[in-house]
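Report on one structure; see the data block that follows.
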Amino acid sequence: MRLGPPLGRLLYRFVGRRRTIARNNLQRAFPEKDLNNIDALVRDHFQALGIMVMEMLITWWKRSDQIPAKIVVTGQQHLQAALAKGKGVLLLSAHFTSLEIGGALLQRETQLTIHGMYRPHENPVFEAAVKKGRQHWFSQMIARDNVKQMLRSLKKGLIVWYAPDQAYGGRNSVQAPFFGHNVATNPGTSRIAKLSGAPVVPYFPIRKSNGLDYELRLLPALENFPSGDISDDATVINQLIENIAREYPEQYYWVHRRFKYSSDPIK
């Protein structure tokens with residue numbers, strides 16, 4: 001784990017395109033920060049990415065009980081209350097750098113069965129490795145376009161982990177505010193919640209400042225969700241993610257072009 005920050009500094013030097021994407025994203029998200037502060041945040045973000053790589057290796061190749069981390073779970077009662085309704089739970093998360101280890105640690109701490117949605121990789125070798133690694137902690141991995149399987153899992157009363165926050169430029173996307181900009185947003189959370197009746201419980205794994213310990217933050221199930229207006233629902237979700245990203249800005253996945261399909265002109 002201590003190799004993570006120096007690996008991140010190495011990545012910062014050699015992946016110029018991703019460094020530029022991160023800088024542009026952060027400038028759009030935090031226009032009040034000067035260039036020196038933005039560059040410092042980019043460097044911190046790359047150190048977080050380096051730790052993420054180490055977390056992935058540890059999570060994929062070790063059992064969760066072999067991860068020597070101190071864990072604080074907050075809001076577990078919200079997850080239990082949602083499960084008690086008997087319709088399964090859509091565990092709403094986002095692409096933070098502690099994403100991989102966050103799933104393993106939640107399963108370890110709660111001992112609950114969790115199925116995970118993911119995007120299959122085009123490379124079959126990498127796809128097999130990722131799927132096998134994640135099945136150490138998710139009982140089943142479900143391709144993100146396999147909605148029928150997701151609904152079957154929810155119907156069984158299980159937890160389905162879902163992170164819909166990356167740029168989604170399809171015809172079915174909606175524009176919703178994120179850090180003061182309208183961005184293309186996946187409305188799938190509303191549709192799945194409507195079809196299944198499952199409560200939506202936000203979940204954010206947060207890496208503590210020492211880079212070794214974690215808070216697993218579960219929030220109350222979303223009220224009046226879905227509301228009947230997918231744009232309003234997308235706004236609610238984006239705001240939840242933005243709140244955590246503002247609290248821990250170095251940990252959000254800024255090397256992804258989140259503003260790619262923004263309706264706002266790039267300044």
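Each value in this text was obtained by applying a stated rule to the coordinates, not by laboratory testing. The structure displayed is predicted, hence computed values, not measured ones. Positions of Cβ are backbone-derived with ideal geometry, glycine not excepted, and every protein chain shown enters the neighbour counts.
Couplings 3J(HN,Hα) for region 230-236, derived from phi with the Karplus relation 6.51 cos²θ - 1.76 cosθ + 1.60 (θ = phi - 60°), are 5, 5, 5, 5, 4, 5, 4 Hz, where x marks Gly and Pro. Relative to one another, the C-alpha centroids of region 129-201 and region 11-84 are positioned 20 Å apart.
Beta bridges assigned by DSSP with both partners in the chain are antiparallel in approximately 40 percent of cases. Residue exposure proxy: 259, 30, 126, 46, ordered by other Cβ atoms within 10 angstrom of their Cβ from fewest to most, comes out as 126, 30, 259, 46. Cross-link partners for residue 85 among the aspartates and glutamates, with Cα-Cα distance under 17 Å and sequence neighbours closer than 8 places in the same chain left out: 223. Amide H to amide H, with H built 1.01 Å from N, residue 89 comes under 5 Å of 158, 159, 160, counting only residues 5 or more places away or on other chains.
Taking the number of other C-beta atoms within 10 Å as the exposure measure, put 231, 196, 190 in order starting with the fewest.
Starting with the residue having the fewest Cβ neighbours, the order is 231, 196, 190.
Counting neighbouring Cβ atoms within 10 Å and putting the fewest first, the residues 207, 2, 257 line up as 2, 257, 207. Across region 246-253, coupling constants 3J(HN,Hα) worked out from phi with the 6.51/-1.76/1.60 Karplus curve, θ = phi - 60°, read 6, 6, 10, x, 6, 9, 6, 7 Hz, and Gly and Pro carry x. Taking θ as phi - 60° and the Karplus parameters 6.51, -1.76 and 1.60, the scalar couplings of region 192-201 work out to 5, 4, 5, 5, 9, x, 6, x, 10, 10 Hz in sequence order, x denoting glycine and proline. For the chain, relative contact order (Cα pairs under 8 Å, six or more residues apart, normalised by length) works out to 26 percent. Comparing 139, 237, 101 along the charge dipole axis of region 68-251, the residue lying farthest to the positive side is 139, per the Cβ-charge model. Largest first, the three principal axis extents of the alpha carbons in the chain are 50, 44, 37 Å in whole numbers. Both radii are taken from the alpha-carbon atoms of region 1-79; with Rh as the Kirkwood radius, Rg/Rh is 1.10. In the chain, the DSSP-assigned H stretches of four residues or longer account for a calculated mean residue ellipticity at 222 nm of -14000 deg cm²/dmol, using -39500 (n - 2.57) per stretch and the full residue count as denominator.
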